[in-house]
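Okay, structure first, notes after.
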Amino acid sequence: MTRQLRLLRILTVQEVRMMMNHRGWLFLLQVANVLPPAIALLVWHGAVDQGADPPVSTTYLTSYLVLVSVVAMVTSSWTSGFLAASIRLGGLNSWLVRPCSTHLSYLANNSAEKLLKLGLIAPPVVVLGLVFRHDLRLPGEPQRWLHFLPALIIAAAMTFAFDILIGSLAFWMEDIAAIDRLRYLLARLLSGGLVPLALFPAVFQPFLAAQPFRFLVSFPLEVLLGTTHAIDYAYQAGWFVVLVGGAVLVWRRGLRDYQGAGA
Amino acid sequence: MRSDDAIRATQLTKVYKYSEQAPGLKGAVKGLFKPVRRERTAVDAVTLTLPKGQVIGLLGPNGAGKTTTIKMLCGLLRPTGGELEVLGHQPHKRSFDFLSRISVVFGQKSMLWWDVSTYDSLLIHREMYAIPRPVFDASVAELTERLDVAHLINIPVRKLSLGQRMRCELVLALLHGPDLLFADEPTVGLDVVAKLALRNFLAELNRDHGTTIVLTSHDMSDVAALCQRIALIDHGVIGFDGNLQELRQRSGQHADADLDQVLAAMFRGRS
């Protein structure tokens, strides 16, 4: 375990070094990530000014939309496509003959990406926060932040497991892009990454509260902003087990059928 | 398995399953609802024992099953049938002990990290294989001197020529001192000088460290220079297992015939 952690550290440092070559592209990516919630903020503020009555307070809405791009970035993963390509083209071969977890390099890649992106996304988010500072309320209680951190880390682990699960389908399928795209669209809508789930019609709320995508983005923010119930932690733990267990099962089953294309 | 055997395969078999699709749109639609499942036996009940310290050349035409055999031996593929033990392990279980004692060089696939220097890749392998610092330093010094790459290891891999890169690949592959090296077409694409340097190095490695080497190559001069033993694979079956002299006799070629002529005679009429 210690060896794997040391290896993860050195691989992450290596990935950061390589990604520094693409820092301009990464910065633009972060600006693009902040734009949708910024537009949503403008639209909602306009609507409230015109007399609309959303089911949540303006301060909740503002705080949520200012922070959502950071949470969505931290809990995102771009592993599925790379993993699928390495299975299909045989790139996995180089990892399977080495004495380390095959997913360590993807984990390092994701960690490095997060480290770099955190630095790059901070300025546009701070600007957004300053523009809407009158309605922004960041919680002062340390307890909220202490609960928020594990919820955020579990959400990131769930997305990574989801990516491994979908990427591993390439053991049997020629192309996983359509499934990946469908998952991405569902996640955009149902995770609360685009619009807070609280703004959906009341009739959908029981479904939205229980479905897995909520726990990838919305839930950590709900924890931070203090709108969760005790049962929600159990839901997140349950979906975590399902996704990680599913990823392990599909990966192990897939390895049995692996054909190691190419040399 | 005797403790002085590196590899022991009995009735080793690998069957690939795939779906066949008829041409055109009609075929695609038909394949969607009623796929035609096929099986292809890539390795068919191969039995092979390799003592430690031996260099064996697996030869055969394209699609003969030699790469599939190597992939099973190094744990990449799970055999469909038969028994396989490599260094006392079942390779497909991919235990740390097994993977720490083997190494694989793919002539057509790089194990080095592309965007950083060879030395950075070596540092990653140091952690991966838990190599103590003094051992690491000594190995790097020895390997880079023997392969004449000391001046290259701090250059990004993408900037190296193919010959330079292959030598760096070998430094990486041998850093942890493997007992068994799988070299899958290691000289492919190299010029004569680079090829000769690589070949000499592998011979020295076997002589000085007793490393067992399993080599596949389409370059018959590699095999003739390095391998004490040759196994010919065709249609997934070992058709010959012996030394070069015995192979010449079997092929009916004269004593001075080179290996290309010998193999052409052996595989003539192959469908």
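The values are calculated or read from the model by the stated rules, or taken from the named source; none is laboratory data. Only a predicted model underlies this, so the values are computations on that prediction, with no experimental measurement involved. When we count neighbours, we look across all protein chains shown, and the Cβ atoms used for this are built from the backbone with ideal geometry, even at glycine. Ligands, DNA and RNA are stripped out before the accessible areas are found, and what is left, the full protein with its side chains, is counted by its heavy atoms. Shrake-Rupley method; radii C 1.70, N 1.55, O 1.52, S 1.80 Å.
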Q. For the range A:125-140, how many residues meet the condition of being open to solvent by 90 Å² or more (accessible area, probe 1.4 Å) and assigned to a loop (DSSP other than H, G, I, E, B)?
A. 2
Q. Any residue at all in the range A:203-214 that is of a type in the set (A, V, I, L, M) and either within 15 Å of A:Asp163 (Cβ to Cβ) or in contact (Cβ under 8 Å) with a residue 40 or more places away in the chain (or both)?
A. no
**Q.** B:Arg268 vs. criteria loosely packed, with under 15 Cβ neighbours inside 10 Å, closer than 28 Å to B:Thr41 by Cα and at pLDDT below 85
**A.** yes
Q) Are any of the residues in the range B:106-120 closer than 19 Å to A:Arg256 by Cα, open to solvent by 10 Å² or more (accessible area, probe 1.4 Å), free of Cβ contacts under 8 Å to residues at least 60 places away in the same chain and within 12 Å of chain A (Cβ to nearest Cβ)? A) no
Q. Any chance the range B:32-48 includes a residue that's within 17 Å of the chain's Cα centre (by Cα), away from chain A (no Cβ under 14 Å) and not in a helix (DSSP H, G or I)?
A. yes
(Q) Suppose we keep only residues that are open to solvent by 60 Å² or more (accessible area, probe 1.4 Å) and outside any strand (DSSP E or B) within the range B:83-100. Which one would you say is nearest to the other protein chains (Cβ to nearest Cβ)? (A) B:Phe96
Q) Restricting the search to the range A:232-261, which residues are surrounded by 14 or more Cβ atoms within 10 Å (Cβ to Cβ) and within 14 Å of another protein chain (Cβ to nearest Cβ)? A) A:Trp251, A:Gly254, A:Leu255, A:Tyr258, A:Gln259, A:Gly260
Q: Check off (1) within 14 Å of chain B (Cβ to nearest Cβ); (2) of a type in the set (Gly, Ala, Ser); (3) on the phi > 0 side of the Ramachandran plot for A:Ser101 and give me the number that stays unchecked.
A: (3)
Q) Do any residues in the range A:238-263 that are touching a residue at least 60 places away in the same chain (Cβ under 8 Å) and of a type outside the set (Lys, Arg) have Cβ atoms under 6 Å from those of residues that are buried (at least 18 other Cβ atoms within 10 Å of the Cβ) and not in a helix (DSSP H, G or I), where the two are at least six apart or on different chains, and which pairs are they? A) A:Gly260/A:Gly90; A:Gly260/B:Leu76; A:Gly260/B:Leu77; A:Ala261/A:Gly90; A:Gly262/A:Gly90; A:Ala263/B:Phe106; A:Ala263/B:Asp184
Q. How many residues does the range B:131-143 contain that are within 14 Å of chain A (Cβ to nearest Cβ), in contact (Cβ under 8 Å) with a residue 24 or more places away in the chain and open to solvent by 10 Å² or more (accessible area, probe 1.4 Å)?
A. 1
Q) A:Trp25: of a type in the set (Phe, Trp, Tyr) and closer than 24 Å to A:Pro139 by Cα, yes or no? A) no
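Yes or no, residue by residue, for (1) farther than 29 Å from A:Ile176 by Cβ; (2) open to solvent by less than 30 Å² (accessible area, probe 1.4 Å); (3) of a type in the set (A, V, I, L, M, F, W, C); (4) under 21 Å from the mean Cα position of the chain (by Cα):
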residue	(1), (2), (3), (4)
A:Pro36	no, no, no, yes
A:Ile39	yes, no, yes, yes
A:Ala52	yes, no, yes, no
A:Tyr64	yes, yes, no, yes
A:Thr79	no, yes, no, yes
A:Leu89	no, no, yes, no
A:Ser101	no, no, no, no
A:Leu107	no, no, yes, yes
Q.
Quick test for you: out of B:Arg158, B:Arg207, B:Arg146, pick the one residue that is within 14 Å of chain A (Cβ to nearest Cβ) and either touching a Leu at 6+ places or on another chain (Cβ under 9 Å) or modelled with pLDDT of 90 or more (or both).
A. B:Arg158
